[in-house]
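K.L.:
This is the structure, below, for whatever I ask next.
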Amino acid sequence: MHYVAFISYIYHFATLFCVSAQFHGSNENNIIHLLPAYTIASRASLLGSATCATELRDFLDAVDQRILWGLKTLDSSGELKSGFLYGNNFWLGSRSQCLDIMNRTPFEFANRYILNNTRYRDSLNEFPPFQLNYFVAYIRHNSTLQYHINIFTEDLITLGLCLPASCSTNNISFILEGIFRDRVLLINDLYSVDLNLIQVKNLKDDHQWLLSGAIPFICVALVLTFVMMISGTIYDIFIYQTYLKENNKTVVNIENAVKEMTMTDLSFSCEKSRIGNVLMCFSVYTSTKIIFNTKLDTEEIVVIHGIKFLSMVWIIIFHSVFYMLEFYDNKTWMLRFAEGIPIQVISNAFVSVDTYFFLSGFLLAYMNLKNKIDKGRSKPIHYKKKLNEFFVSILKRYIRLTPAYIMMIGIAQLISAWYDKTSQFYVEEISHKTCAKYWWRNVLYIHNLFAFNTMCLSWSWYLSNDMQYYIIGLALLILSTVYFYVAVVILSIILIASVILSGYISYIYEYVPTLDEQFRLIDVIYYPPWIRIGPYIIGMITGYIIRRFNKKITLKRNIVILCWTLCAACNILVLFGLYKRQISVLSTAIYVALSRTVWAIGIAWIVICVMCCTEHGGIVKQLLSCKIWIPLSRLTYCAYLLNPFIILSINLHSETSTHFEVLSIGATIIGYLMITYLCAYALSLMAELPYILLMQMFRQSRVKGT
């Protein structure tokens, strides 16, 4: 019996030993498969006798022998990360660590720590015998285990690789294609994934992008702009301001901060030079005083400034979430978070843009109908004068918007070209390519008529819509001074047609307002001008009502309470009406048809109540009338142009992906808000105010000439 027990014990021991050895070998093999950089090095023989092959073999031997520089290099490369099934496709490694491996400058530690470090490591083995470089590989995967909602680059894996600098992108691509074809990585079997290499990119900046396309011209234009700003500021402070002090004059007078800001006294008796006047338009000192001046004339609408700024804050919050989608490593959890009721304020933030359409239509009607309502129409109609008014107004609008817009296109091309060479992230919107090809669409304000993925500065679709609405609205306002009821009928037809067409398009596409469907149908549901014109028309009607009643409407308290209730109901219904997004196609079509117009009606009551029923404005009027909003609202145009660009630039410059968490994202949004407005101030000084002032100077010189 003891003999049998002994034999049995020996048998079980041998079995366990064999299983342990097999598991150890299998585990070691799996570890190798999990580390793409090691797998690449193990296939160095495919490159023959190239320098890259030799250095890859040295790297492989260093890892096998646990030499420190080899382990550092391996550690700097990316590998499969946790959270893959919830969207973590960023296997980035550490770019800074990879490049720092070659840095022989010692750390500034206390001597006792340096002695402890050197005691356990050989300094000769700490640095590689060749130069290293950081590469990034973009890989498409087809895993069905990961959640997909067809947004941006959700099926793209970004793999960072720290490898010998002698290796070319072609060398690495050749090896990776073989690895993916043979399915030797653990992820292939674990998650049933096939991998397809898209591109390998060398992130070392050779500065050749500075010589490509329009980049040199953009750099020259920026330099000239800075020269003009510096020269103008020096001229203003040391010559013009000295003259004003001697003659006790003021610098600027804001006649109408909503529509345009003008500067007077550009020339004085002892200095008749036109060059000096032009330089003054680029003065940082004078432009800053114009921006931060809070004195408004009687025709100014104070509450508009508050609505503009607060709506812009809302847009920036939405942009901060939307334009970071490509950088989240937990996209699925972010979508789960978006299901909450409070988050509907962000997920339905598209109505903030409708607020701006409403304001544009309102200001157009309010400013153009001044002194025209109830004016006799029996006088002879001067059609030539009407046409001249029409085209001059459009030209003024074009000059008001376009210089800053063109400047933004140029800056976006410049920075996009740099990030295309140096950033490890892959983004769908490549501004330096789309803008180089389609910039003319933006300048003509027609790029909203083309596909979203061909847009230069995709977020600027609003400007094309707004310009087109301005032309239509201005034509109808001028027509109304001649044939009032014809203009009313046309305006009503456009509004009704937009509502019906919006609902019809939604219905025939079987649109249901889930986030994936919103992305899929963005070209037909979101930004086309025939979909979004409703709030603009409501704004024009509101402007007419206020002018018609001369900003004096007397309402009983009960009527005011009823209107406030209906206004709140309109806005709340639109904002939270899609809390449950799995609704019928018909219900969605009704929502799409009416939501934007209903939202604008709610905003219209706020404006009417605050402007006309002054005793019923209450806390809303006090909030919207704060003078602190005035300078900030003047920067909203430049802030809108810059905000998505800033968000993308900061994330493209990052070395890591973004993990969606409420508190950290909230803090990030505050940072984006502050940076956006600081940059908007700079852009306004560079390309907005100077051209407004130049236009005003030209108009004044023409008036004096006549």
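The values are calculated or read from the model by the stated rules, or taken from the named source; none is laboratory data. Since the structure is predicted, the reported quantities are computational estimates derived from the model, not experimental observations. Here the Cβ positions follow ideal geometry from the backbone for every residue, glycine too, while neighbour counts run over all protein chains shown. To get the accessible areas, we keep the full protein, side chains included, count just its heavy atoms, and leave off ligands, DNA and RNA. Shrake-Rupley method; radii C 1.70, N 1.55, O 1.52, S 1.80 Å.
K.L.:
Counting only protein heavy atoms and using a 1.4 Å probe, what share of the accessible area of the stretch 625-706 belongs to carbon plus sulfur, as a whole percent? Provide the component values of the computation, followed by the final result.
P.N.:
Working: 2550 of 3580 Å².
Ligands and nucleic acids excluded, carbon and sulfur give 71 percent.
K.L.:
Still on this structure: Assuming R0 = 60 Å, can you tell me the calculated FRET efficiency for the pair Arg181 and Ala497, based on Cβ-Cβ distance, to the nearest 0.05?
P.N.:
Values: r = 56 Å, r/R0 = 0.93.
Plugging the Cβ-Cβ distance into 1/(1 + (r/R0)^6) gives 0.60.
K.L.:
Report the label-to-label distance for Asn558 and Asp100 in nanometres (one decimal), using points 7 Å from each Cα along the Cα→Cβ vector.
P.N.:
About 7.4 nm, to one decimal.
K.L.:
Grab the Cα-Cα distance for Ala50 and Ile508, subtract it from 0.36 nm times how many residues apart they are, and report the gain in nm with one decimal. Each step should come with its number before you reach the end.
P.N.:
Values: separation 458, 0.36 × 458 = 164.88 nm, distance 5.96 nm.
Roughly 158.9 nm would be gained on extension.
K.L.:
I'm spelling it out carefully: the read-out is Cα Rg over 2.2 N^0.38 Å, the candidates are (i) 1.87; (ii) 1.06; (iii) 1.20, and one was derived from this structure. Which label?
P.N.:
(iii)
K.L.:
How far is helix 51-64 tilted, in degrees, relative to the longest principal axis of the Cα atoms in the chain, given as a value from 0 to 90 rounded to the nearest 10?
P.N.:
70 degrees
K.L.:
Right, another one. Any chance you could give the angle, 0 to 90 degrees and rounded to 10, that helix 689-705 forms with the longest Cα principal axis of the chain?
P.N.:
Compared with the principal axis, the helix lies near 20 degrees.
K.L.:
Angle check, please: helix 431-443 long axis (alpha carbons) against the longest principal axis of the chain (alpha carbons), in degrees 0 to 90, nearest 10.
P.N.:
10 degrees
K.L.:
If you don't mind, another one. Could you order Ile665, Ile234, Ile67 so the one with the most accessible surface comes first? Probe is 1.4 Å.
P.N.:
Ile234, Ile67, Ile665
K.L.:
At 1.4 Å probe radius, can you tell me the per residue accessible area of the chain in Å²? List each step's numbers first, then the result.
P.N.:
Working: 34880 Å² over 706 residues.
It amounts to 49 Å² per residue over the chain.
K.L.:
How much net charge surrounds Ser94 when only other residues with a Cβ under 13 Å from its Cβ are counted (Lys, Arg +1; Asp, Glu -1)? Before the final figure, lay out each step's value.
P.N.:
Working: positive: Lys72, Lys81, Arg95; negative: Asp75, Glu79, Asp100, Glu655.
Local charge sum for Ser94: -1.
K.L.:
What nm value, rounded to one decimal, do you get for the distance between His659 and Leu515 when each label is placed 7 Å out toward the C-beta?
P.N.:
1.9 nm
K.L.:
Which distance in nm do the two modelled labels at Lys627 and Asp297 give, with both placed 7 Å along the Cα-to-Cβ direction?
P.N.:
1.9 nm
K.L.:
Local charge sum around Phe390 (other residues, Cβ-Cβ under 13 Å, Lys/Arg +1, Asp/Glu -1)?
P.N.:
Numbers: positive: Lys384, Lys385, Lys386, Lys396, Arg397; negative: Glu389.
Residues close to Phe390 contribute a combined charge of +4.
K.L.:
State the extension gain, in nm to one decimal, for the chain segment bounded by Tyr147 and Ala682, taking 0.36 nm per residue of separation less the distance between their alpha-carbons.
P.N.:
Numbers: separation 535, 0.36 × 535 = 192.60 nm, distance 4.17 nm.
Stretched fully, the Tyr147-Ala682 segment lengthens by 188.4 nm.
K.L.:
I need the calculated FRET efficiency for the pair Gln700 and Ala338, taking r as the beta carbon distance and R₀ as 45 Å, to the nearest 0.05. Let's see the in-between values first.
P.N.:
On the way: r = 52 Å, r/R0 = 1.16.
Rounded to the nearest 0.05, the efficiency is 0.30.
K.L.:
Follow-up question, since we're still on this one. Output the peptides 517-529, 355-367 sorted from most to least packed, where packing is the average of other Cβ atoms within 10 Å over each peptide's residues.
P.N.:
Packing proxy ranking, top to bottom: 355-367, 517-529.
K.L.:
Counting each DSSP H run of 4 or more residues in the chain as -39500 (n - 2.57), what helix-only mean residue ellipticity at 222 nm follows after dividing by all residues, to the nearest 500 deg cm²/dmol? All intermediate terms of the calculation are to be shown ahead of the outcome.
P.N.:
Working: 29 runs with 434 residues, N = 706.
Dividing the helical sum by the residues of the chain leaves -20000 deg cm²/dmol.
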